[in-house]
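Here's the structure we're looking at; comments come further down.
Here, each number is a calculation from the coordinates, and none is a lab measurement. Everything numeric here is computed off the predicted structure, so don't read it as measured data. Glycine also receives a Cβ, built like all others from the backbone with ideal geometry; neighbour counts cover every protein chain displayed.
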Amino acid sequence: MGLKNTLHNLKEKYKGKKMAPAFNAIHTFLYLPNETTHSGSHVRAADDLKRTMNTVIMALVPVLLFGMFNAGYQHYSAINGFPADFSLLNDFLTWDNFLIGVTTVLPLVIVSYVIGLAVEFVFAVIKGHEVEEGYLVTGMLVPLIVPIDTPLWMLAIAVIFGVVIGKEVFGGTGMNILNPALTIRAFLFFAYPTWMSGDKVWVHEAVERAGTADAISGETILGQLAQNTDASYSISDMFFGFIPGSVGETSTFLILLGGLFLIFTKIASWRIMLSAVIGALTMGLIFNGVVSADWISEGSKFYGLMSFEFWQHLLVGGLAFGIVYMATDPVTGSQTNKGKWYYGFFIGFISVLIRVFNPAYPEGVFLAILLMNVFAPTIDHYVVQANVKRRLKRSKKATA
Amino acid sequence: MGLLSKKDANLILDPLADNNPITIQVLGICSALAITAELKASIVMAVSVMFVLGMGNVVISLMRNIIPSKIRIIVQLVVVAALVIIVDQVLKAFAYELSKTLSVFVGLIITNCIIMGRFEAFALANGPWRSFLDGIGNSLGYGLILIIVGFFRELLGSGTLLGFKVLGDPIEKTGLYAIGYENNGFMLLSPMALIVVGIIIWIQRSRNKALIEEN
């Protein structure tokens, strides 16, 4: 009770002062606020913003843990070769693997949260409004969508940029046009491209060992395909996620579980997820069709990615992660049910399109989602206008 | 400013801050985004625009009473085009490498909104001396922003200033690069110039509340 009382007293003491939002934030983060309504005609639902955010974080925890184990697994496999007969307990869920994960992934998480929340606190104090919960999910998403060895200072700069330019200039949580986590990734991608692509960044220590006798590397499946070589991983490896890639994006299986969890708790929109899957499959089918119709020669630099089985696009790269956790962001996505179908479909469709045709970097999910973030209000506008028109017509018919 | 009366001095000082052509009037953005990846190019662009705008304002001001208002835009274009060709030829003759960097953007000074804007808004209604001051003031305001943007983009994007390696050598890993610093490639792309200009506007408006429009 001591801490709660102290915080409460501090809150009363600083009421109306400049530092008040900082204390309020700590108070509401730890305890239920004491100013809630107890009577009258108010909606008293339990799922406030904080609980919504916590649910998403719960859905992200398995992915994060898997990413930690996978960090170690990829590291040791790159050094010793992949185990001949793979056993989950002996080769994957080991303390050695987890240790690598803790020492590489945890710093990313800490930097992301400390820097991001510091920016939020500074802006709350300057603007004199309450600290918003918006960064809770972003802070967890960011370490999951960057390569394992991203230098921490780069991440810190990107987080500052993403939170300030991606969110605060628009008015803070709930007002942003672009998904802040993807803004951070886009910044990293354009600012430090050598750290975001190639065959060195996906495996821990590969960059430091480059050029030495112990050099190791691990190319993503999309990277292999972009060079017209066949993917060297089995379908089950792709599905369960024992492949190189950004920290949290590899395991489609766990992302699928997280997605189902979010759908059952009604946090994320199943319409967006489903339509994005349909969009990705459609584009994949078109490319497969182009290949089977012999419109493209085997020497073409797009051949590898175009001939990739259409449904396997969902298993590799960040497509599944983006669809489940990023595209469904309730702030930056479409709000209308019909709009969500269009919004999701084009995310999947454009993701695969950019993935195949992007010459510098064989991945396009974050670009596609950012692009559709921009178009989401336009889609909603036309959906609403169409509805208005239909209802006007109906009322005219009824009165005529 | 003993040389100028207070009214005349304001012609030069206003565009530097509270009536800046880029950050307040939002004119001349294209060139501010396109050529500010290097500080040197920004400076040359600023000087070129200063010459064109200063001279052009004087010429238009001298002719203001004999230009038929129906064809005044054509006349203005002819004057700007003539001045821009002079700048272009001088650059080609004495700074060929630089004129290659600036490429088409010297020619595009003709379409810089600031120039036509000042002709229309000021030179057509004022005497040559005041028009000259107005031209110099506005091009100084334009150049100021260009140089600020160019400074940050070259420093953070290439680690150099005017070509000097102020942060150390990225290939031999000296200076800042020895401790793992890397250049920010995003700074060299035009979208980042827009964001830098946006940040300047943000800082300016939060310091001077009078500039914030009512919604």
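Which of B:23, B:50, B:196 sits farthest toward the positive end of the charge dipole of chain B, with +1 on the Cβ of Lys and Arg and -1 on the Cβ of Asp and Glu? So the residue we want is B:50.
Could you list B:142, A:382 so that the one with the fewest beta carbons within 10 Å of its beta carbon is first and the one with the most is last?
Numbers: B:142 28, A:382 13.
By the 10 Å Cβ count, ascending: A:382, B:142.
Taking the Cα centre of segment B:21-208 as origin and assigning +1 to Lys and Arg Cβ atoms and -1 to Asp and Glu Cβ atoms, the resulting dipole is close to 540 debye.
Averaged over peptide A:185-191, the number of partner chain Cβ atoms lying within 10 Å of each residue's Cβ comes to 4.
Magnitude of the charge dipole for chain A, about its Cα centre and with charges confined to Cβ atoms of Lys, Arg (+1) and Asp, Glu (-1), is about 2660 debye. Anything over 30 Å Cα to Cα? Flag those among B:40/B:173; A:50/A:127; A:301/B:173; A:127/B:40; B:6/B:92; B:6/B:209, in the order listed. Going by Cα-Cα distance, A:301/B:173; A:127/B:40; B:6/B:92 fall outside the 30 Å limit.
Note on segment A:295-370: Rg/Rh from C-alpha atoms, Kirkwood Rh, equals 1.03.
Would you mind giving the mean number of other chain beta-carbons within 10 Å of the Cβ of each residue in B:186-197, as a whole number?
Values: counts 10, 2, 2, 2, 0, 2, 4, 0, 0, 3, 0, 0.
Mean shielding by partner chains, rounded to a whole number: 2.
In this simple spin-label model, placing a label point 7 Å from the Cα along the Cα-to-Cβ direction at both residue A:3 and residue A:130 gives a separation of 2.0 nm. For segment A:196-271 versus segment B:195-214, the inter-centroid distance based on Cα atoms is 43 Å.
With 41 Å as the cut-off, how large is the P(r) tail for the protein assembly as shown, expressed as percent of Cα-Cα pairs? Intermediate values should be presented prior to the final figure.
Values: 77138 of 188805 pairs.
Of the Cα pairs, 41 percent sit more than 41 Å apart.
For segment A:56-193, the residue among A:160, A:171, A:116 whose Cα projects farthest onto the positive side of the dipole built from Cβ charges is A:171.
Computed from the alpha carbon positions, the gyration tensor of segment A:66-120 leads to an equivalent ellipsoid with semi-axes of 30, 10, 7 Å, biggest first. Sorted on the mean count of surrounding Cβ atoms within 10 Å across their residues, most packed first, peptides A:129-139, A:323-333 read A:323-333, A:129-139. At the listed q of 0.18 Å⁻¹, the Debye profile of segment B:21-208, built from one uniform point per Cα, gives log10 I(q)/I(0) equal to -1.14.
For segment B:143-157, the Karplus equation 6.51 cos²θ - 1.76 cosθ + 1.60, evaluated at θ = phi - 60°, returns couplings of x, 4, 5, 4, 6, 4, 4, x, 4, 6, 5, 6, 5, 7, x Hz by residue, with Gly and Pro reported as x.
Taking only the Cα atoms of segment A:49-383, the radius of gyration and Dmax are 19.4, 63 Å. Protection proxy ranking, highest mean first, for peptides B:36-43, A:260-267, A:289-296, B:80-87: B:36-43, B:80-87, A:260-267, A:289-296, where packing is the per-residue count of other beta-carbon atoms within 10 Å, averaged. Relative contact order of chain B, taken over Cα pairs closer than 8 Å and 6 or more residues apart, is 33 percent.
Take the Cβ atoms of residue A:392 and residue B:214, set R0 to 41 Å, and the FRET efficiency comes out at 0.75. Note on segment B:5-77: Cα Rg divided by 2.2 N^0.38 Å, N the number of residues, gives 1.33. Working from label points 7 Å from Cα in the Cα-to-Cβ sense, the residue A:14 to residue A:80 distance is 5.0 nm. Here's the list of aspartates and glutamates a cross-link from residue A:15 could span, going by alpha-carbon distance under 15 Å and ignoring same-chain residues fewer than 8 apart: A:35, A:130. Highest mean packing comes first when the peptides A:92-103, A:176-187 are listed by Cβ atoms within 10 Å, giving A:176-187, A:92-103. Site pair residue A:312 and residue A:381 shows an inter-label distance of 4.2 nm when each label is modelled 7 Å from Cα along Cα→Cβ. Amide H to amide H distances under 5 Å link residue B:161 with B:166, where only residues 5 or more positions off or on other chains count and H is placed in the peptide plane.
Defining a contact as two alpha carbons under 8 Å apart and six or more residues distant in sequence, what relative contact order in percent does chain A show? Provide the component values of the computation, followed by the final result.
Details: 596 pairs, mean separation 60.4, N = 400.
It comes to 15 percent, rounded to a whole number.
Here segment B:73-135 is assigned +1 on the Cβ of each Lys and Arg and -1 on the Cβ of each Asp and Glu. Its dipole about the Cα centre then comes out at about 40 debye. Per residue of B:198-205, count partner chain C-beta atoms within 10 Å of its C-beta, then hand back the mean as an integer. Partner-chain Cβ atoms within 10 Å, mean over residues of B:198-205: 1. Helix-only arithmetic for the protein assembly as shown: the sum of -39500 (n - 2.57) across DSSP H runs with n ≥ 4, divided by the residue total, places the mean residue ellipticity at 222 nm at -19500 deg cm²/dmol. Centre-to-centre separation between the Cα atoms of segment A:303-380 and those of segment A:76-104: 31 Å.
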